[in-house]
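Enquirer: My questions will all concern the structure given below.
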Amino acid sequence: MDEYGFRLLRERIKRDTNFNAPCYEEKHLKRRLAVRMRALNISTYQEYLGFLSNKNEEYHRLLRALTINVTKFFRDPTTYDAIYKLVFPKITSSKKHIRIWSSGCSDGKEPYSLAMLLLDFLGDKVVDHTPVIYASDIDDEMLRKAKRGVYSKNEVEGLDSRYLLRYFEKYPDGYRLKKKVRDIVRFQHRDLISDPMPKCIDLILCRNVVIYFAKNVKEKIYLNFYNALNPGGFLVLGKTETLLGRAREMFKLFNNVERIYAK
Ligand SMILES: C[S@@+](CC[C@H](N)C(=O)[O-])C[C@H]1O[C@@H](n2cnc3c(N)ncnc32)[C@H](O)[C@@H]1O
């Protein structure tokens, strides 16, 4: 298909939105563009470019198609088991402030799952550790929902009833995370590709996010994660990713099944 048109379109998306299209895999971009173009019955990138220029709301739809927001509470439960049993004991072994970062947090289910898990783990000791969970994404619509902390009945389906009883309260349109959970999670807009990373982190989760990034971009992000962590800190990539590039030699493999790495 028209390669020139594709490159033009990729640059235009970067220029007109905050979406760093040239840093994503070409295959992914083309697949997602095809979804929008099919819906509009448009067959060339150039034609789609013309359409985008005239219709601002199409940018919104395109961004929705490009950022895949699928997530759920305690997604991949064995990863959370490993964090609870193997990682939390290590990062809480001294009485210190704990800083966790859920990078690419979508609508907040990942950082809130971590928050509930950590509150369970710490019990009364939460005051000694004053935990903060930073949670970031590039999708402002998802971040707005995350900050509100309200989820529908469908979204909490399958969640262990113990968590539902202990950490949620009924809300007119579903369930809301209690204040004690919301208080330790701080949402922020942050682009993993272009924004500076937070510092002095004890545990980073980056799951199902960099999957569509170009290889050289992933390698750079992994190095940045290394620098963002405290000595002895952990990086959890989850089942879909494995470390690449120089970071592979710098991190120690801590748990192969869950792809957990230690600094
Ligand atoms: C599939 S969700 C994963 C959510 C969660 N980590 C999980 O595993 O359930 C991927 C998220 O990554 C976000 N994302 C994509 N590109 C990003 C970037 N450059 N910087 C930060 N977040 C990004 C998307 O907006 C989306 O919300």
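The values are calculated or read from the model by the stated rules, or taken from the named source; none is laboratory data. For clarity, every value in this text was computed on a predicted model and none was experimentally measured. Virtual Cβ from ideal backbone geometry, glycine too; neighbours counted across all protein chains shown. Keep in mind that these areas ignore ligands, DNA and RNA; they rest on the heavy atoms of the full protein, side chains included. Shrake-Rupley method; radii C 1.70, N 1.55, O 1.52, S 1.80 Å.
Enquirer: So, in the range 181-196, exactly how many residues are within 11 Å of the ligand (Cβ to nearest atom) and more than 13 Å from the chain's Cα centre (by Cα)? Don't jump to the end; show me each part of the working.
Expert: First pass over the range 181-196, keeping only residues within 11 Å of the ligand (Cβ to nearest atom): 188-195.
In the following step, the residues that additionally are more than 13 Å from the chain's Cα centre (by Cα) were identified as 194-195.
The total comes to 2.
Enquirer: Separate question: So which residues in the range 1-21 are free of Cβ contacts under 8 Å to residues at least 60 places away in the same chain and within 16 Å of the ligand (Cβ to nearest atom)? Explain how you work it out, then say what you get.
Expert: If we filter the range 1-21 for residues that are free of Cβ contacts under 8 Å to residues at least 60 places away in the same chain, which is where we start, we get 1-17, 21.
Result: 10, 13, 14, 17, 21.
Enquirer: Taking the range 205-218 only, how many residues are open to solvent by 40 Å² or more (accessible area, probe 1.4 Å) and in contact with a Leu (Cβ under 7 Å, 6 or more places away or on another chain)? Spell out how you get there, then give the answer.
Expert: Restricting attention to the range 205-218, the residues satisfying the condition of being open to solvent by 40 Å² or more (accessible area, probe 1.4 Å) are 208, 211-212, 215-216.
Retained after the next criterion (residues that are in contact with a Leu (Cβ under 7 Å, 6 or more places away or on another chain)): 215.
Looking only at that region, the number is 1.
Enquirer: Among (1) open to solvent by 60 Å² or more (accessible area, probe 1.4 Å); (2) under 23 Å from residue 114 (Cα atoms), there is one condition residue 262 misses while meeting the rest; what is its number?
Expert: Here residue 262 clears every test but (1).
Enquirer: Of all residues in the range 96-144, how many are without any contact (Cβ under 8 Å) to a residue 60 or more places away in the chain, within 19 Å of residue 178 (Cβ to Cβ) and within 15 Å of the ligand (Cβ to nearest atom)?
Expert: Total meeting the criteria: 6.
Enquirer: Please indicate, with yes or no, whether at least one residue in the range 219-236 is within 13 Å of the ligand (Cβ to nearest atom), open to solvent by 60 Å² or more (accessible area, probe 1.4 Å) and modelled with pLDDT under 95.
Expert: no
Enquirer: Give me a count of the residues in the range 157-182 that are within 27 Å of residue 64 (Cα to Cα), surrounded by 19 or more Cβ atoms within 10 Å (Cβ to Cβ) and touching a strand residue (DSSP E or B) at 6+ places or on another chain (Cβ under 7 Å).
Expert: The total comes to 2.
Enquirer: Would a scan of the range 23-38 turn up a residue that is more than 23 Å from the chain's Cα centre (by Cα) and among the aromatic types (Phe, Trp, Tyr)?
Expert: No, there is no match, as no residue in the range 23-38 is more than 23 Å from the chain's Cα centre (by Cα) and among the aromatic types (Phe, Trp, Tyr).
Enquirer: In the range 108-148, what residues are of a type in the set (Ser, Thr, Tyr) and open to solvent by less than 10 Å² (accessible area, probe 1.4 Å)? Don't jump to the end; show me each part of the working.
Expert: Within the range 108-148, the first condition is being of a type in the set (Ser, Thr, Tyr), and the residues that meet it are 112-113, 130, 134, 136.
Those that are of a type in the set (Ser, Thr, Tyr) and open to solvent by less than 10 Å² (accessible area, probe 1.4 Å): 112, 113, 136.
Enquirer: Quick one: which helices (runs of 4 or more DSSP H) sit completely within the range 84-156 and have at least 2 residues that are in contact with a Ser or Thr (Cβ under 6 Å, 6 or more places away or on another chain) and not polar (S, T, N, Q)?
Expert: So the answer is 109-122.
Enquirer: When both residues are 6+ apart or on different chains and their Cβ atoms are under 7 Å apart, which pairs have a first residue that lies in the range 52-79 and is modelled with pLDDT of 95 or more, and a second that is β-branched (Val, Ile, Thr) and not in a loop (DSSP other than H, G, I, E, B)?
Expert: 73/156; 79/236
Enquirer: Being closer than 23 Å to residue 259 by Cα and free of Cβ contacts under 8 Å to residues at least 60 places away in the same chain: is that true of residue 199 here? Steps first, please.
Expert: On the way: closer than 23 Å to residue 259 by Cα: yes; free of Cβ contacts under 8 Å to residues at least 60 places away in the same chain: yes.
Against the criterion (closer than 23 Å to residue 259 by Cα and free of Cβ contacts under 8 Å to residues at least 60 places away in the same chain), residue 199 qualifies.
Enquirer: Taking the range 45-67 only, how many residues are closer than 12 Å to residue 7 by Cα and open to solvent by less than 50 Å² (accessible area, probe 1.4 Å)? It would help to see each step written out before you state the result.
Expert: Taking the range 45-67 first, the residues closer than 12 Å to residue 7 by Cα are 45-46, 49.
With open to solvent by less than 50 Å² (accessible area, probe 1.4 Å) added as a condition, the list becomes 45, 49.
Total meeting the criteria: 2.
Enquirer: Take the residues in the range 22-32 that are within 16 Å of the ligand (Cβ to nearest atom) and part of a helix (DSSP H, G or I), then tell me which one is surrounded by the fewest Cβ atoms within 10 Å (Cβ to Cβ). Steps first, please.
Expert: Filtering the range 22-32 down to residues within 16 Å of the ligand (Cβ to nearest atom) leaves 22-29, 31-32.
Next cut, part of a helix (DSSP H, G or I) only: 22-23, 26-29, 31-32.
Numbers: 22: 15, 23: 20, 26: 14, 27: 9, 28: 16, 29: 19, 31: 12, 32: 19.
That would be 27.
Enquirer: Still on this model: For the range 53-85, which residues satisfy the criterion of being closer than 24 Å to residue 224 by Cβ and away from the ligand (no atom under 14 Å from the Cβ)?
Expert: 82 - this is the single residue of the range 53-85 that is closer than 24 Å to residue 224 by Cβ and away from the ligand (no atom under 14 Å from the Cβ).
Enquirer: Among what's in the range 35-44 and is buried (at least 16 other Cβ atoms within 10 Å of the Cβ) and assigned to a helix (DSSP H, G or I), pick the residue that is farthest from the ligand (Cβ to nearest atom). Steps first, answer last, please.
Expert: Within the range 35-44, the first condition is being buried (at least 16 other Cβ atoms within 10 Å of the Cβ), and the residues that meet it are 36-37, 42.
Now drop any that are not assigned to a helix (DSSP H, G or I), which leaves 36-37.
On the way: 36: 17, 37: 21 Å.
Checked the range 35-44; the qualifying residue farthest from the ligand (Cβ to nearest atom) is 37.
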